[in-house]
Amino acid sequence: MEGVRAEVGSLESSLLQIVQEHQRRSICIREKTDKAKKDALQTAIRVSELLVETVNGQVEATFINEKRIELEIHALVSTIMRYKKQTDQWLAASHALNTVIKVLYPH
């Protein structure tokens, strides 16, 4: 009977060791998994930040280009209006000159 009890005790001890080893490994795997999740999350956040910075930089550059184009359009409109005024003056002067010539030299 003593031998059977010793064997059962040894078996219980072995099973207890196996369970404890399993729990230790499970905890270790859980910790590694948690760390990997945290690292992945931090990496995803950093990638997201870099993407936002890149897009913001491109949006800012686009906005600056839009303002430059608007200024150039304004300058071109001013130039066109000045040329239109000059053209109208030339047309009026040539019409007046034609009228004077017709009066001075009728056919």
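The values are calculated or read from the model by the stated rules, or taken from the named source; none is laboratory data. Keep in mind the model is a prediction, meaning the values are calculated, not measured. Note that each Cβ is placed from the backbone with ideal geometry, even for glycine, and that neighbours are counted across all protein chains shown. We work out accessible area using only protein heavy atoms, side chains counted, and drop any ligands, DNA or RNA first. Shrake-Rupley method; radii C 1.70, N 1.55, O 1.52, S 1.80 Å.
Key figures
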read-out	value
Accessible-area composition of the chain, carbon plus sulfur, in percent [1.4 Å probe]	65
Base-10 log of normalised Debye intensity for segment 1-95 (one unit scatterer per alpha-carbon) at q = 0.12, 0.15, 0.16, 0.18 Å⁻¹	-0.76, -0.87, -0.90, -0.95
The chain, dipole about Cα centre (Lys/Arg Cβ +1, Asp/Glu Cβ -1), debye to the nearest 20	720
Residue-normalised accessible area of segment 8-53, given per residue in Å² at a 1.4 Å probe	91
GNM flexibility winner over the chain from I45, I73, I18 (Cα, springs under 10 Å)	I18
Nearest 10 degrees, 0 to 90: helix 2-104 Cα axis against the chain principal axis	0
Exposure of E70 as accessible area (Å², to 10), given a probe of 1.4 Å and all protein chains	80
